[in-house]
Amino acid sequence: MHAVGRWETPATEALRVREGFDLAAFDRRSTPGWSGDKTTAKAALAEQGDRLSELQEKLFAHGRSGGDRSVLLVLQGMDTAGKGGIVRHVIGTVDPQGVALRSFGVPTPEEREHHYLWRIREALPRPGYIGVFDRSHYEDVLVVKVEQLVPADEVERRYDEIRSFEDEVVASGTRVVKVALMVSLDEQAQRLRERLERPDKHWKYNPGDIDARERWPLYQEAYQVALERTATDTAPWYVVPADRKWYARLAVGALLLDALQGLDLDWPEADVDVAAELRRLEASHPEG
Ligand code: ADP
């Protein structure tokens, strides 16, 4: 099948956080790297789904045959940025059997008794899986910083700790793709309004979302610092404009696809004598 629409610059290049990245200047309605429009993006998304699905199956097969590779997609973003939509529309294109999805909310009493990375380690994808974190250990330097839930010097220490932790995860065979979905203030207001106006969206509304919105500049600042301090070669950050949902989904799909392609996996070799098994099959007489 021909590619529909086109990445003029690959998403991995167009969205990657590099030195000097300035979140304040980031246009959240932009569509970096993508030359097409919404219609072409939708067609491309479907095509991308087929490729993701095949590569996910290869990864799963590899895991079943003793391989040690996995992928971890970390999704961060302010409320309404579209994390749920990414899970449904991008991750939803692959076999759910091979996906390990975890959402991280306010720590439970049990989680609170442990180090903040404890629940994260517990949730890391096993070989063969695509792990998806809906929120993550980054909350421990975002909401925790903004709400001053731990002393400032402890937050300061965490950036280095997170870098080492992620280095370790990568060294164990996991490709880590970190995505920050960035919605604008105006778009967030519109999405929150919709949650209040539409009965089918009421369930998504959380009064706490307005509290976080009130602290928008502090969150943006916390994001800026987290991105600067934890964007590494081994575990890069990608900032994705999220005002246009179709673009965000296409872009995250492209980033995930790149990660899977980067594993460069083949179908595992059969661990049986295929010819002999075929002969056995032909010779079998279940009817007696
Ligand atoms: P979502 O808003 O993603 O749909 P929830 O309604 O469960 O999901 O919200 C999760 C909430 O948990 C967010 O407000 C987030 O800031 C908070 N949270 C996540 N991790 C932590 C943490 N480590 N410490 C405090 N709050 C956290």
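Show me the helices (runs of 4 or more DSSP H) found entirely inside segment 162-262 where at least 2 residues are under 18 Å from the mean Cα position of the chain (by Cα) and aliphatic (A, V, I, L, M).
Passing ranges, in order: 216-230.
Select, from Gly92, Gly63, Gly77, the only residue that is more than 27 Å from Lys245 (Cα to Cα) and not polar (S, T, N, Q).
Answer to the check: Gly63.
Please state which of the following conditions Asp271 fails to meet, knowing it meets all the rest: (1) assigned to a loop (DSSP other than H, G, I, E, B); (2) over 29 Å from Val94 (Cα atoms).
Looking at each condition in turn, Asp271 falls short on (2).
Cβ contacts < 7 Å: first residue within 18 Å of Gly82 (Cα to Cα) and within 11 Å of the ligand (Cβ to nearest atom), restricted to segment 200-226; second residue open to solvent by 30 Å² or more (accessible area, probe 1.4 Å) and assigned to a helix (DSSP H, G or I), any location; separation 6+ or different chain. Result?
From segment 200-226, the pairs are Lys204/Arg195; Tyr205/Arg195; Tyr205/Leu196.
Can you name every residue in segment 104-117 that is within 11 Å of the ligand (Cβ to nearest atom) and open to solvent by 70 Å² or more (accessible area, probe 1.4 Å)?
Selection gives Val106, Arg112.
If you scan segment 78-103, which residues turn out to be within 11 Å of the ligand (Cβ to nearest atom) and farther than 24 Å from Asp211 by Cα?
Residue satisfying the conditions is Val87 alone.
How many of the residues making up segment 143-158 are within 15 Å of the ligand (Cβ to nearest atom) and within 25 Å of the chain's Cα centre (by Cα)?
Count: 7.
Give just the number: which of (1) in contact (Cβ under 8 Å) with a residue 40 or more places away in the chain; (2) in contact with an Asp or Glu (Cβ under 8 Å, 6 or more places away or on another chain); (3) open to solvent by 20 Å² or more (accessible area, probe 1.4 Å) does Ser35 not satisfy?
(1)
Here is a yes/no grid of residues against (1) open to solvent by less than 10 Å² (accessible area, probe 1.4 Å); (2) modelled with pLDDT under 95; (3) not hydrophobic (A, V, I, L, M, F, W, C):
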position	(1), (2), (3)
Gln56	yes, no, yes
Ala61	no, no, no
Val71	yes, no, no
Leu75	yes, no, no
Met78	no, no, no
Gly82	no, no, yes
Val87	no, no, no
Ile91	no, no, no
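Which ones in segment 74-133 are closer than 19 Å to Arg175 by Cα, over 14 Å from the mean Cα position of the chain (by Cα) and touching a residue at least 60 places away in the same chain (Cβ under 8 Å)?
Arg126, Pro127, Gly128
Suppose the filter is open to solvent by 40 Å² or more (accessible area, probe 1.4 Å) and modelled with pLDDT of 95 or more; does Thr9 pass it?
Here the answer is yes, as Thr9 does meet what is asked.
Those residues that are among the hydroxyl-bearing types (Ser, Thr, Tyr) and touching a Pro at 6+ places or on another chain (Cβ under 8 Å), I need them from segment 154-187; list them, please.
Hit for segment 154-187 is Thr174, nothing else.
The values are calculated or read from the model by the stated rules, or taken from the named source; none is laboratory data. Nothing here was measured: the structure is a model prediction, and the numbers come from that model. Every residue, glycine as well, gets a Cβ built from its backbone with ideal geometry; the counts of neighbours run over all protein chains shown. Ligands, DNA and RNA are excluded from the accessible area calculation, which covers all protein heavy atoms including side chains. Shrake-Rupley method; radii C 1.70, N 1.55, O 1.52, S 1.80 Å.
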